[in-house]
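**Q** Pasting a structure here, questions to come.
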Amino acid sequence: MANNKSIGVAYLDQDIIGAQYLLSDEQIGYTAAAQGTVTQATSKSTAVTLNKAAGVITMNNASLATATNATFTLNNSFISANDTIILTIASGQATAGSYNVFANALAAGTVSITLRNISGGTLSEAIVINFAILHCS
């Protein structure tokens, strides 16, 4: 967005509160300070806590049989009951397309995340999941 309000010797960025649309020619996202990392300690079902708006979860490398789900809780004080959690498998899988990941059971401060092995064989990989919170009112 262009600076368009003169405040003397500088310009004030456009106020987007109440705006119907937010448009960008480049990127919309979180700064490095808004992101964090966390690693599961014990198993693929071990809960993790990361109080950031976006981040990286490194899962435990415990074995996961084919056609099996591993579900864990992400505790995060930034999450509200109306938010959308965006999840992407970033790395850790030897063969692309071996897993599905999805969010479920969203509540204020927490979301349940499920990883499903769809490879056709048992896998023991430390899957890395990127997440971002899309805040909704």
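**Q** Condition first: among the basic types (Lys, Arg) and under 14 Å from the mean Cα position of the chain (by Cα). Can you find one or more residues in segment 36-46 that meet it?
**A** no
**Q** Among the numbered criteria (1) outside any loop (DSSP other than H, G, I, E, B); (2) more than 22 Å from residue 126 (Cβ to Cβ); (3) under 12 Å from the mean Cα position of the chain (by Cα); (4) not basic (Lys, Arg), which one does residue 30 miss?
**A** All conditions pass for residue 30, except number (1).
**Q** Tell me which residues, restricted to segment 15-57, are touching a residue at least 60 places away in the same chain (Cβ under 8 Å) and hydrophobic (A, V, I, L, M, F, W, C).
**A** 53, 54, 56, 57
**Q** Can you pull out the residues in segment 36-46 that are loosely packed, with under 15 Cβ neighbours inside 10 Å and of a type in the set (Ser, Thr, Tyr)?
**A** 37, 39, 42, 43, listed by residue number.
**Q** Pick out, from segment 47-137, the strands (runs of 3 or more DSSP E) lying fully within it that include 3 or more residues that are of a type in the set (Ser, Thr, Tyr), out of contact with any strand residue (DSSP E or B) (no Cβ under 8 Å at 6 or more places or on another chain) and loosely packed, with under 12 Cβ neighbours inside 10 Å.
**A** Per the criteria, no element qualifies.
**Q** Suppose we filter 34, 65, 81 for residues that are within 16 Å of residue 101 (Cα to Cα) and either modelled with pLDDT of 95 or more or not basic (Lys, Arg) (or both); which single one remains?
**A** Working: 34 fails: within 16 Å of residue 101 (Cα to Cα); 81 fails: within 16 Å of residue 101 (Cα to Cα).
Residue meeting the stated conditions: 65.
**Q** Suppose we filter 42, 37 for residues that are out of contact with any Gly (no Cβ under 7 Å at 6 or more places or on another chain) and farther than 12 Å from residue 108 by Cα; which single one remains?
**A** Every option except 42 fails the conditions.
**Q** Examine segment 10-18 for a residue that is part of a strand (DSSP E or B), over 16 Å from the mean Cα position of the chain (by Cα) and loosely packed, with under 15 Cβ neighbours inside 10 Å, and state whether such a residue exists.
**A** So far as segment 10-18 goes, yes, one or more of its residues are part of a strand (DSSP E or B), over 16 Å from the mean Cα position of the chain (by Cα) and loosely packed, with under 15 Cβ neighbours inside 10 Å.
The values are calculated or read from the model by the stated rules, or taken from the named source; none is laboratory data. Keep in mind it's a predicted model, so treat the numbers as computed, not measured. Note: ideal-geometry Cβ built from the backbone for every residue, glycine included; neighbour counts use all protein chains shown.
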